[in-house]
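For reference, the structure is listed below as structure tokens.
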Amino acid sequence: MTKSKKRFILIFVVALAIIFKTKVDSMNLIQTNTKMNIPLVTKDFEKFDFVHYDSIKAYSERNLDDGTHVVYEEQSNGYIKKISISDSYFMIIKRFYKNGNIAAKGLSINNGDFFNGVWYYFDEAGKFVGEVNYDTPFVFTFENLLNYLQSQKIPVTMSSDKYGLPTRIYREIIDQVPIWKIEWMKDTTNIPNTIEQINIDGKTGKILSKKDWKYSMD
């Protein structure tokens, strides 16, 4: 075999390897994103189920057989129902007026604090008055953020953890700039432990800052 043929075969094999790796990477990215399991929220009118609530009022938190966790809260201006699904990063939140009519509903992150996607709003008579897409300013999406955290080996759990210290994700807009904020337990081998906060530009994905602080249960 001539040198030119060997060189051609080598180039061909390398090209095939690159193509194969690209396809595998794409498949992995798709698999990562399809695991989101975003609960469905519609803008349909709803009424609070007073009969059901009165029957379980003494047990405001319930775990259903399918792993769904439901929490009811009674407030001065109405009621809140939170529905957490075991294999989703988000919970459904429904707010009701005192008369039982739906006031607002949408998704919120399980571990952290931010509204996700479209929220629907209603007046006290039950009339739909509008919707807000809270994702719009964040060109660097939640899926992009998850991929970054996975690349940094920062764990993100799906189910809500009120008592432990899971990675928590927040977002806000400061001076018209959308900001992701991540807080995670960076070091648990030493006491006090180390928590790291990472701020990321919600448009570009640029790391804006990283800061450590010490944490102790004492």
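The values are calculated or read from the model by the stated rules, or taken from the named source; none is laboratory data. Note that this is a predicted model, so its numbers are computed, not measured. Every residue, glycine as well, gets a Cβ built from its backbone with ideal geometry; the counts of neighbours run over all protein chains shown. For accessibility, only protein heavy atoms count, side chains too; no ligands or nucleic acids. Shrake-Rupley method; radii C 1.70, N 1.55, O 1.52, S 1.80 Å.
Among all residues of region 181-191, there is none that is hydrophobic (A, V, I, L, M, F, W, C), surrounded by fewer than 11 Cβ atoms within 10 Å (Cβ to Cβ) and either assigned to a strand (DSSP E or B) or at pLDDT below 95 (or both). The residues of region 97-128 that are of a type in the set (A, V, I, L, M) and in contact (Cβ under 8 Å) with a residue 60 or more places away in the chain, listed by number, are LEU107, ILE109, VAL118.
Let's see how each residue does on (1) out of contact with any Ser or Thr (no Cβ under 7 Å at 6 or more places or on another chain); (2) closer than 16 Å to PHE122 by Cα:
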residue: VAL41; (1), (2): yes, yes
residue: PHE45; (1), (2): yes, yes
residue: HIS52; (1), (2): yes, no
residue: SER55; (1), (2): yes, no
residue: VAL71; (1), (2): no, no
residue: GLU74; (1), (2): yes, no
residue: TYR79; (1), (2): yes, yes
residue: ILE83; (1), (2): no, no
residue: SER86; (1), (2): no, no
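Within region 168-178, is even one residue surrounded by 12 or more Cβ atoms within 10 Å (Cβ to Cβ) and either among the polar types (S, T, N, Q) or part of a loop (DSSP other than H, G, I, E, B) (or both)? No, because not a single residue in region 168-178 is surrounded by 12 or more Cβ atoms within 10 Å (Cβ to Cβ) and either among the polar types (S, T, N, Q) or part of a loop (DSSP other than H, G, I, E, B) (or both).
Suppose we filter region 61-96 for residues that are under 14 Å from ASP49 (Cβ atoms) and either free of Cβ contacts under 8 Å to residues at least 24 places away in the same chain or touching a Gly at 6+ places or on another chain (Cβ under 7 Å) (or both); how many remain?
First, the residues of region 61-96 that are under 14 Å from ASP49 (Cβ atoms): 62, 70, 72, 74, 78-81, 83, 94, 96.
Now drop any that are not either free of Cβ contacts under 8 Å to residues at least 24 places away in the same chain or touching a Gly at 6+ places or on another chain (Cβ under 7 Å) (or both), which leaves 62, 70, 72, 74, 80, 96.
Qualifying residue count for the region: 6.
Which one of PHE48, PHE90 is among the aromatic types (Phe, Trp, Tyr) and farther than 22 Å from TYR134 by Cβ?
Numbers: PHE90 fails: farther than 22 Å from TYR134 by Cβ.
After applying the criteria, what remains is PHE48.
No other residue among THR141, THR136 is under 19 Å from the mean Cα position of the chain (by Cα), surrounded by 13 or more Cβ atoms within 10 Å (Cβ to Cβ) and free of Cβ contacts under 8 Å to residues at least 12 places away in the same chain apart from THR141. Within the set ALA125, ALA104, the sole residue that is assigned to a strand (DSSP E or B) and at pLDDT 95 or above turns out to be ALA104. If the condition is being among the polar types (S, T, N, Q) and assigned to a loop (DSSP other than H, G, I, E, B), then region 128-142 contributes THR136, THR141. Taken together, the residues in region 192-204 that are open to solvent by less than 20 Å² (accessible area, probe 1.4 Å) and either among the hydroxyl-bearing types (Ser, Thr, Tyr) or at positive phi (or both) amount to 1. For region 80-101, the tally of residues that are in a strand (DSSP E or B) and open to solvent by less than 40 Å² (accessible area, probe 1.4 Å) stands at 10.
Total residues in region 16-62 satisfying the condition of being assigned to a loop (DSSP other than H, G, I, E, B), within 17 Å of the chain's Cα centre (by Cα) and modelled with pLDDT under 85: the figure is 2.
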